[in-house]
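Have a look at the structure below, then the notes.
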Amino acid sequence: MERRDLTRVYVCPSCQSHTPHTVRAQNGNVYAIVCNQCRMGSLVKGEALRQHHVQWEEELRQILDSLHDWPRQGGGGDGKSPP
């Protein structure tokens, strides 16, 4: 169960962005959410909302891990090779 005013990343059907959405209400396993970008409301099943947020967290983790490894792979723009 998602708490009211909890923020979850979801694909907005109106603006087509993967943006934070705020949970506004719940009826059983259906949640009323509002896009924090365009303010459009949507109804979504709880499992779909949770699954999309978990996928987004995993993608973010992979991006952050790759940035952590970037200097060791020759990134950083200083022109120097890693030791």
- Item | Complete set of residues in the stretch 42-67 that are surrounded by 15 or more Cβ atoms within 10 Å (Cβ to Cβ) and part of a strand (DSSP E or B) | Ser42, Val44
- Task: For the stretch 1-29, enumerate the residues that are outside any strand (DSSP E or B) and in contact (Cβ under 8 Å) with a residue 12 or more places away in the chain.
- Result: Met1, Glu2, Arg3, Arg4, Asp5, Leu6, Cys12, Pro13, Ser14, Cys15, Ser17, Asn29
- All but one of (1) at pLDDT 95 or above; (2) surrounded by 14 or more Cβ atoms within 10 Å (Cβ to Cβ); (3) outside any strand (DSSP E or B) hold for Ala32, so report the exception by its number. (3)
- Task: Those residues that are touching a helix residue (DSSP H, G or I) at 6+ places or on another chain (Cβ under 6 Å) and basic (Lys, Arg), I need them from the stretch 6-26; list them, please.
- Result: Arg8
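The values are calculated or read from the model by the stated rules, or taken from the named source; none is laboratory data. Only a predicted model underlies this, so the values are computations on that prediction, with no experimental measurement involved. We place every Cβ from the backbone using ideal geometry, glycine too, and count neighbours over all the protein chains shown.
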